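These notes concern the structure reproduced below.
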Amino acid sequence: MSSPVLPKKMLAQIDGMVALYSRRREEFANLAQRVERDLVEHAALRPLIHSTKRREKDPSHLRDKLKRKAIEARLSKSDFTITERNLFKRLGDLAGVRLLHIHTEQLSAIHPKIIEILAFHKYKLREKPLVYIWDVERNSFFKRLNLAVQIRPTMYTSVHYIVEPHWGGVACEIQVRTLAEELWGEVSHTINYPNETNSVACTEQLAALARVASGCTRLVDSIFASMSEHKSKHIAS
């Protein structure tokens, strides 16, 4: 079934929101830079992070996202409730920071440090930190960290925090994932964003890549666990 055509009034509403964001885009770029700096300059967190990325959303990507949400609303026969008045409250990913680490167990230290840093710099969490996973065998690990878990059949994996600076009104999304998860994420984003591919082959290959990336993360986890065990036995002897 083809997507419904959006009425001119709704398209004009979306254009107005994109224009509003475009006028304040630099503010979101500065926010992402500030959040990234506050995180990676922390002496206890820095050694746990392999690399970082930051960005503010491209206005054309914002337009695509708003159109998708408007179409979803019409298909479900519900109101499209995002407006210029609530745009910055409803969308928390207009600024973004990504922290990349090497193996899963590091998250046991990374997560509490992020919470500590956010509190120190007076950032407010808009919602409970959430981890998106598809590999349900990892569910218990994330729940031990008091992270809400949401299963994503798209095979996306990442921990998300939506934070608001103490002056409020705008937000930044923090994503935390392993290097292997980042590889899948970058390939999937290139193929499926802003519009999902209709290639069956690409979809199947992305699913295979997700399993390879998960296997890679598990292998790296095993290597570091083995190293830790070896060191503890060496010290004991």
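One line per residue, one yes/no per condition, for (1) within 25 Å of V40 (Cα to Cα); (2) in contact (Cβ under 8 Å) with a residue 60 or more places away in the chain:
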| site | (1), (2) |
| --- | --- |
| L147 | yes, no |
| T157 | yes, no |
| E173 | yes, yes |
| G185 | yes, no |
| I191 | no, no |
| A207 | no, no |
Fill in the blank from the handout: Reported set for segment 41-58 where residues are surrounded by 15 or more Cβ atoms within 10 Å (Cβ to Cβ) and either over 30 Å from H111 (Cα atoms) or free of Cβ contacts under 8 Å to residues at least 40 places away in the same chain (or both) is K57
Practice task
Would you be able to tell me the number of residues in segment 191-206 that are modelled with pLDDT under 90 and in a helix (DSSP H, G or I)?
Solution key: 1
Completion exercise
Within segment 137-152, residues out of contact with any helix residue (DSSP H, G or I) (no Cβ under 9 Å at 6 or more places or on another chain) and within 15 Å of E181 (Cα to Cα) come out as R152
Exercise for the section: Search segment 45-81 for residues being in contact with an Asp or Glu (Cβ under 7 Å, 6 or more places away or on another chain) and not hydroxyl-bearing (S, T, Y), and hand back the single one that is farthest from G16 (Cα to Cα). Expected result: R54
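Check whether at least one residue in segment 176-192 is farther than 23 Å from T52 by Cβ, surrounded by fewer than 17 Cβ atoms within 10 Å (Cβ to Cβ) and either among the aliphatic types (A, V, I, L, M) or touching a strand residue (DSSP E or B) at 6+ places or on another chain (Cβ under 9 Å) (or both), and report yes or no.
yes
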Fill in the blank from the handout: Of K113, K128, K122, the only residue that is over 22 Å from R55 (Cβ atoms), in contact (Cβ under 8 Å) with a residue 60 or more places away in the chain and of a type in the set (K, R) is K113
Practice task
Report yes if some residue within segment 20-29 is part of a helix (DSSP H, G or I), of a type in the set (D, E) and loosely packed, with under 12 Cβ neighbours inside 10 Å; otherwise report no.
Solution key: yes
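Consider segment 207-237. How many of its residues are of a type in the set (S, T, Y), under 22 Å from the mean Cα position of the chain (by Cα) and at pLDDT 90 or above?
Count: 1.
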Fill in the blank from the handout: Taking segment 25-48 and keeping only residues that are over 15 Å from A171 (Cα atoms) and either among the β-branched types (V, I, T) or in contact with a Pro (Cβ under 6 Å, 6 or more places away or on another chain) (or both), one is left with V40
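Which members of segment 33-73 meet the condition of being in a loop (DSSP other than H, G, I, E, B) and farther than 30 Å from P4 by Cα?
E41, H42, A43, A44, L45, I49, H50
The values are calculated or read from the model by the stated rules, or taken from the named source; none is laboratory data. Quantities reported herein were computed from a predicted structural model and do not represent experimental measurements. Every residue, glycine among them, receives a Cβ derived from its backbone with ideal geometry; neighbour counts consider all protein chains shown.
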